[in-house]
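Notes for the one structure printed next.
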């Protein structure tokens, strides 16, 4: 009589880059949406079994008006994301870069109130101890295999974050850290799961590079060079991936809880536990009803947030600050861009100002509310004033000009701003100068008629330039900014400055300013 081989199964449910989307509400107009943590809660409750772990890979604290309101009132209300994560029953949390945006104290207060374990093996305090205490955890299934779960975070955070928020922290190369942890645990674990808040620097199929390899994303290096990895869960790029490649499960579950990644592993035992079947899929939130209990969990703060958002703080004179077409808003520099630059000029006193638009914005209605502002400037940025000369300014503008291309006699957006990650926010629009972008020219020679106060800008001519702290630290691969002299920093959230400006001026009068010309004879 043949003995049946012993079997065991293991399931991972994973979310990432939720960016504060707790309830299925679009705060721009309060219409219902079909994603968010309440939808993910339904999926997780339905799919969880006794051998399941639930992991979130970070970037969860910043990105929604609800979380902006909470960080302003953190002493009055418990953190709604922590409350909902505890309600859902997450097992592990991996911090992301945006989770530092409201300061380290805010992040640590969040993780201290989580029932989930926080795993991160490459961020240290200055005393050489891990910031989050645990780099990995070993899950022992009942009468079954041992699973190692290792948490890592992109080490590129110092290139973006307000230095005061990460003072005395050391960010170690995630790939090198992972190799050391693998050496430690590979004999102890039957399955190795890597949960990395970072993405891929090369195409996962062709292995060809498609972004500049700055160290921001090291996923390709990890999966290509560390054979012991069985499951690789990634984040940061907001991509939708669920595949088995070269015997490794590769998953990245989008953003905003639009989906939940589901990974299933089947083991058999024959002197040792081995994997004999594995699969991964993405479960779409729109296919599930929201968990109504999440509303109860955040009811008090949600009601007060809505009152806060509906405050009228000013009026638009020309009715021209609503954004209805994002492509045209960048192609023709929408007046809302001029308005944001106007705010930056007032608080910085710089000679030149640059800002971008997030991927999607609403602009301002006739009666400007706090909701309008938070739906237009969604990032937790501050302002930095830099000293720049004409030569470097032109180099930066040349790189910036790559956003538009001429294709099939039409002006279109360069694919690199849309894949592997949508990043329209990396196209900046400048004021205080006039310039022409000739998209018929090759990259690197597109900027023409670059002038300041109607005079041609000279290579050694010096200016002060105000940008957000993300850009000032080289964010968006604008590494030229990193070496510029910092003249001053304005340590206030730009959203707060915009609200303050509107309350102060009340009647907002913004005329179109056509200082950027985009020309082509072929389009």
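Among what's in the stretch 449-460 and is in contact (Cβ under 8 Å) with a residue 12 or more places away in the chain and more than 18 Å from residue 332 (Cβ to Cβ), pick the residue that is surrounded by the most Cβ atoms within 10 Å (Cβ to Cβ).
457
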Scanning the stretch 408-432 residue by residue, the ones that are in a helix (DSSP H, G or I) and touching a residue at least 40 places away in the same chain (Cβ under 8 Å) total 4
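Can you tell me which residue among 249, 223, 229 is touching a residue at least 40 places away in the same chain (Cβ under 8 Å) and in the same structural domain as residue 122 (by TED's automatic domain parsing)? Outline the logic, then answer.
Working: 249 fails: touching a residue at least 40 places away in the same chain (Cβ under 8 Å); 223 fails: touching a residue at least 40 places away in the same chain (Cβ under 8 Å).
Criteria check complete, one pass: 229.
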Just checking: which of the strands (runs of 3 or more DSSP E) contained wholly in the stretch 461-523 hold 1 or more residues that are at pLDDT 95 or above and crowded, with 18+ Cβ neighbours inside 10 Å? 462-468, 516-519
Looking at the structure I just gave you, is residue 49 more than 26 Å from the chain's Cα centre (by Cα) and loosely packed, with under 14 Cβ neighbours inside 10 Å? yes
Residues of the stretch 264-281 satisfying the condition of being closer than 21 Å to residue 227 by Cα and either under 18 Å from the mean Cα position of the chain (by Cα) or surrounded by fewer than 23 Cβ atoms within 10 Å (Cβ to Cβ) (or both): 264, 266, 268, 272, 273, 274, 275, 276, 277, 278, 279, 280
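The values are calculated or read from the model by the stated rules, or taken from the named source; none is laboratory data. Remember, predicted model here, so these are calculated numbers, not experimental data. Every residue, glycine among them, receives a Cβ derived from its backbone with ideal geometry; neighbour counts consider all protein chains shown.
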